[in-house]
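Here is the structure we will look at.
The values are calculated or read from the model by the stated rules, or taken from the named source; none is laboratory data. Bear in mind the structure is a predicted one, so any value in this text is a computation, not a measurement. A quick note on method: Cβ atoms are made from the backbone with ideal geometry, for glycine too, and the neighbour counts reach across all protein chains shown. Accessible surface areas use protein heavy atoms only, side chains included; no ligands, DNA or RNA. Shrake-Rupley method; radii C 1.70, N 1.55, O 1.52, S 1.80 Å.
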Amino acid sequence: MRCMSKADVLIAEDDAVLRNLYLKKFAVAGFTIRTAEDGEQALAELQNHPPDIAVLDIHMPKMDGFQVLEHFPPATRSFPIIMLSNFGDEKSKLQGRQLGADDYFVKKDMTIKSLLEMVERVLVAWRSTHQA
């Protein structure tokens, strides 16, 4: 099993300031990090080079995070997905769960450190249930 700090993370975030902040913080934490600025880019990245974990913003141009998530049902994908949102509304959380999101991160309520911890926790859980 790869060291957690070498995990390949794809973060889809349309806000350039947040995207660059995630890029820096995840890189400093030792992750291999790729970013996408809209849903179409995220979909292409996920199809062409599946990551160890994906972090998808819900509200993105061209294709939202839920639309991207619909292309990767849990039974067929090889990586977990965390949904990012500015809002903690239950409807969005429920929709994410129904589509197979592994966790849900509300940006306004949490820190980047807590996002890093969530990514590591979800990766450990995924690997413990999906590896022989």
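Quick look at the numbers
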item	result
Approximate spin-label separation T76-K6, in nm, with each point projected 7 Å along Cα-to-Cβ	3.1
Loop-resident sites, the range 61-132, for chymotrypsin sites (Phe, Trp or Tyr not before Pro), counting at most 15 other Cβ within 10 Å (DSSP)	F87
Cα centroid separation, the range 81-103 to the range 8-38 (Å)	19
Listed residues R77, R34, R19, most fluctuating in the chain (Gaussian network, C-alpha, under 10 Å)	R77
Potential extension, A27-K113 segment - 0.36 nm per residue separation minus Cα distance	29.7 nm
Gaussian network model of the chain, Cα within-10 Å springs - most flexible of D89, D38, D57	D89
The chain, accessible area per residue, ligands and nucleic acids excluded (1.4 Å, Å²)	52
Other-chain or far-sequence residues with amide H under 5 Å of A12's (modelled H)	A36, V55, L56, D57
Residue among K113, K91, K24 with the largest mean-square fluctuation in a Gaussian network model of the chain, springs linking Cα atoms under 10 Å	K91
